[in-house]
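Here is the structure we will look at.
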Amino acid sequence: MNDVYQNPLCSRYSSDEMKSIFSNDTKFSTWRKLWVALAESEKELGIQITDDQISEMKAHLYDIDYEKAAQYESKMRHDVMAHVHAYGDCCPSAKGIIHLGATSCYVGDNTDIIQMRDGLLVIRKLLVNCIAAASSFAEKHKALPCLAFTHFQAAQPTTMGKRATLWVQDLISDLRQIEFQLSSLKLLGCKGTTGTCASFLELFEGDHEKVKRLEKLIAGKMGFKECYAVSGQTYSRKVDYNVISALSGIAQSAAKFSNDIRLLSHLKEFDEPFESGQIGSSAMAYKRNPMRSERIASLSRYVMVDVLNPAITASAQWFERTLDDSANRRISIPEAFLAVDAILSLYINIISNGTVYPKVIERHLNEELPFMATENILMYCVKNKGKSRQELHESIRRHSVETAKNIKLNGGENDLLDRIAADSSFELTRGEIDAIVDINEFTGRAKEQTEEFLAECVAPVLQKYKDLLGVDISIKV
């Protein structure tokens, strides 16, 4: 197959589990299961369908003759009818009752809903494990002071663990959205060509209650509580938009995380997992590029753009149905799931196996801390030395300007504290200055906030989903 295009999401990035959910085998065997559910339900409601016919249909759920189906579709230009005939060929006694009363969207749309539900269940499990891995990282580094940034300019210290809580908070928000989508999904049901159930009302000789019962029976057999109350031929394409929007939210969170990791890698404060034989650059052998974080950013960008597909599709549906959604949905929905599957796997791999470098973090803090400490020094001298705030403020300003000039023009060290210690107007010993510039006095409630967040916000989530904890992540490339 190397002479034809292959989707990199399948060949390089996504898990076998997610690929299976959106595979042809799953799709078309689900079509057959829906035809069985329809036949069983119609039989239970009085239609003349035999147990032997249903048994025959069940015996051929998985032996799909793709070559024969392709031949039928080439002739008919209709994929559902092609598979109706291919199924009927291996179920001769049931051939006449397969798809009885239904339209194409009975199998197409209901299968799409089932695949999205199953995909969301996989995403939910990955998301829970991602939250667990990131919260473990936060707990481990909750008291590790690090330089915090605004505008990627040195601001005030925080802790590495506190920074990680920002990542976890986003993921928990995403989990809520995934849960909402799972709780909201319903089957299309069997509403016929324009959503009026006219064909089924004819089948049941005008018995409205049997038509209503038919949908409930089918929903139960396919693992759903109910069907959408109204529809055209298709379920509202807003459903697709809502689901892919939830996936886009995960992509947004993961992209923010990946950007932070890439910046930390530049600062040499964090390294992604790096195998012994891994090559960072084909030209520069010494490099350790943050390629997994870059891949998260790249795939996340794809998902965030992909959410436009169901948005436009939902807006463009004419009356009860048009077919301008079909080709788009075959691509945009599966690929969103495949990409987010890969994104979360990479996230878990990076946060679980990356390396933090405390000594580099400490060096960066020490390079900036003297500037940040000047306000504390000023307050100490006014309070304990009886000094004039205005006079010392001017001295600090002057020393700070000279220090910054020396650093930027000459590549010098930050010797601001030495300058202050040597300035008799402050009357400070170096020991007093070092006590004032204790890094733990500059991280505020970062450690405590981390502990409280993990206990109050994260622990209940992990307890609720404890049965989902534990995944085997394999990164192919």
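Just give me the residues in region 401-421 being touching a Lys or Arg at 6+ places or on another chain (Cβ under 9 Å), of a type outside the set (A, V, I, L, M) and touching a residue at least 24 places away in the same chain (Cβ under 8 Å), in sequence order.
Matches in region 401-421: Thr403 only.
Given the criteria polar (S, T, N, Q) and touching a helix residue (DSSP H, G or I) at 6+ places or on another chain (Cβ under 9 Å), does Thr374 qualify?
Criteria met by Thr374.
Return the only residue of Val437, Val458, Val471 being more than 30 Å from Met372 (Cβ to Cβ), in contact with a helix residue (DSSP H, G or I) (Cβ under 8 Å, 6 or more places away or on another chain) and surrounded by 12 or more Cβ atoms within 10 Å (Cβ to Cβ).
Exactly one of Val437, Val458, Val471 is more than 30 Å from Met372 (Cβ to Cβ), in contact with a helix residue (DSSP H, G or I) (Cβ under 8 Å, 6 or more places away or on another chain) and surrounded by 12 or more Cβ atoms within 10 Å (Cβ to Cβ), namely Val471.
How many of the residues making up region 290-343 are under 18 Å from Gly249 (Cβ atoms), out of contact with any Cys (no Cβ under 8 Å at 6 or more places or on another chain) and part of a helix (DSSP H, G or I)?
Number satisfying all stated conditions: 26.
So Ala94 passes all but one of these: (1) surrounded by 19 or more Cβ atoms within 10 Å (Cβ to Cβ); (2) closer than 30 Å to Phe180 by Cβ. Which condition number does it fail?
The failed condition is (2).
Filter region 158-173 down to residues that are part of a helix (DSSP H, G or I), among the hydroxyl-bearing types (Ser, Thr, Tyr) and either outside the structural domain of Ala254 (by TED's automatic domain parsing) or crowded, with 20+ Cβ neighbours inside 10 Å (or both), then give me how many there are. Talk me through it step by step, then tell me what you get.
Step one: of region 158-173, the residues part of a helix (DSSP H, G or I) are 160-173.
Pick out the ones that are also among the hydroxyl-bearing types (Ser, Thr, Tyr) and you get 165, 173.
Among the residues that remain, those that are also either outside the structural domain of Ala254 (by TED's automatic domain parsing) or crowded, with 20+ Cβ neighbours inside 10 Å (or both) are: 165.
Count: 1.
Can you confirm whether Leu416 is at pLDDT 95 or above and surrounded by 18 or more Cβ atoms within 10 Å (Cβ to Cβ)?
Against the criterion (at pLDDT 95 or above and surrounded by 18 or more Cβ atoms within 10 Å (Cβ to Cβ)), Leu416 does not qualify.
If you go through region 282-296 one residue at a time, do you hit one that is in contact with a strand residue (DSSP E or B) (Cβ under 8 Å, 6 or more places away or on another chain), modelled with pLDDT under 95, over 30 Å from Ser245 (Cα atoms) and surrounded by fewer than 17 Cβ atoms within 10 Å (Cβ to Cβ)?
Yes.
Among the residues of region 119-147, how many are without any contact (Cβ under 8 Å) to a residue 24 or more places away in the chain and surrounded by 19 or more Cβ atoms within 10 Å (Cβ to Cβ)?
Number of matching residues: 0.
Going by the conditions given, is Lys256 surrounded by fewer than 19 Cβ atoms within 10 Å (Cβ to Cβ) and within 30 Å of Ser41 (Cβ to Cβ)?
For Lys256, the condition - surrounded by fewer than 19 Cβ atoms within 10 Å (Cβ to Cβ) and within 30 Å of Ser41 (Cβ to Cβ) - is not met.
The values are calculated or read from the model by the stated rules, or taken from the named source; none is laboratory data. Keep in mind that what you see is a predicted model, and the values were worked out from it rather than measured. Methodologically, a virtual Cβ is constructed for each residue, glycine included, from the backbone with ideal geometry; neighbour enumeration extends over all protein chains shown.
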